[in-house]
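The values are calculated or read from the model by the stated rules, or taken from the named source; none is laboratory data. Keep in mind the model is a prediction, meaning the values are calculated, not measured. All accessible areas refer to the heavy atoms of the entire protein, side chains included, with ligands and DNA or RNA removed. Shrake-Rupley method; radii C 1.70, N 1.55, O 1.52, S 1.80 Å.
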Amino acid sequence: AHLAQELQLNAVELEGQSQKLRGTIAALEAANEELDRQTSEIAAAQATADAATARLARLQSITAALSNTVTPAAVADSVLREAMVALECEAAAVVVVGAEQGGALVLLGESGWLDPLMRSFTNVQAGQAHGPYDEVVDKGNSIYLESLERLHARYPAFRYVEDARSRG
């Protein structure tokens, strides 16, 4: 009888310890989930910081390159070199509104093979065409077209541009 009573007390004590252990495991699982969430947030913040650092490095590189330039052609070369690296593109052009040509768009510099779209500024007066260059000149902002479909949607006059020829 005494042994049975002692076994029963041990069983009750083991059940209490088992409940404490389950509570501890649940708390550890909750803490682990919180750590996972915080780790994900830290990774996202690190990716944002890395991207910002890379942008700042590119800006510094462009600033350094421009600090040694004197002529418009040298500025265009610096901008092209740095922009092509930053944008990871195969071709780029710097086009300006020419004062001597009555406001015609003039190629100041180029790098890579310029496809028909990228040469679409030729023989066009500023504000006259309805294409990428005209938009940039009118609004004073850069534009970036990620796909041929976006180009066609935004500039229907350039539907003739084929994917195999467009590299900019």
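Just the Cα atoms of the chain, one point each, no solvent: what log10 I(q)/I(0) does Debye give at q = 0.20 Å⁻¹? Once normalised to I(0) and log-transformed, intensities are -1.32. Per-residue 3J(HN,Hα) values for region 83-91, derived from phi via the Karplus relation 6.51 cos²θ - 1.76 cosθ + 1.60 with θ = phi - 60°, read 5, 5, 5, 5, 8, 6, 10, 8, 8 Hz in sequence order (x marks Gly and Pro).
Averaging sequence separations of C-alpha pairs under 8 Å and six or more residues apart, then dividing by the length of the chain, give the relative contact order as a whole percent.
Values: 137 pairs, mean separation 23.7, N = 168.
So the answer I get is 14 percent.
Computed with a 1.4 Å probe over protein heavy atoms only, the accessible surface of region 1-124 comes to 71 Å² per residue. The phi torsions of region 142-156, fed into the Karplus equation with coefficients 6.51, -1.76 and 1.60 and a -60° offset, translate into couplings of 6, 10, 9, 10, 7, 8, 5, 4, 5, 4, 4, 5, 7, 10, x Hz, rounded to whole numbers, with Gly and Pro shown as x. In sequence order, region 40-52 has phi-based couplings of 5, 5, 5, 4, 5, 5, 5, 5, 5, 5, 5, 5, 5 Hz under the Karplus curve 6.51 cos²θ - 1.76 cosθ + 1.60, θ = phi - 60°, and Gly or Pro positions carry x. Full extension of the segment from VAL85 to TYR144, taken as 0.36 nm per residue of separation minus the current Cα-Cα distance, would add 19.8 nm. For LEU108, the residues 5 or more places off, or on other chains, whose built amide H falls under 5 Å of its own are VAL94, VAL95, VAL96. Every Cα-Cα pair in region 31-112 was counted, and those over 15 Å apart are 69% of them.
Each part gets one Cα centre, and for region 1-53 versus region 66-117 those centres are 61 Å apart.
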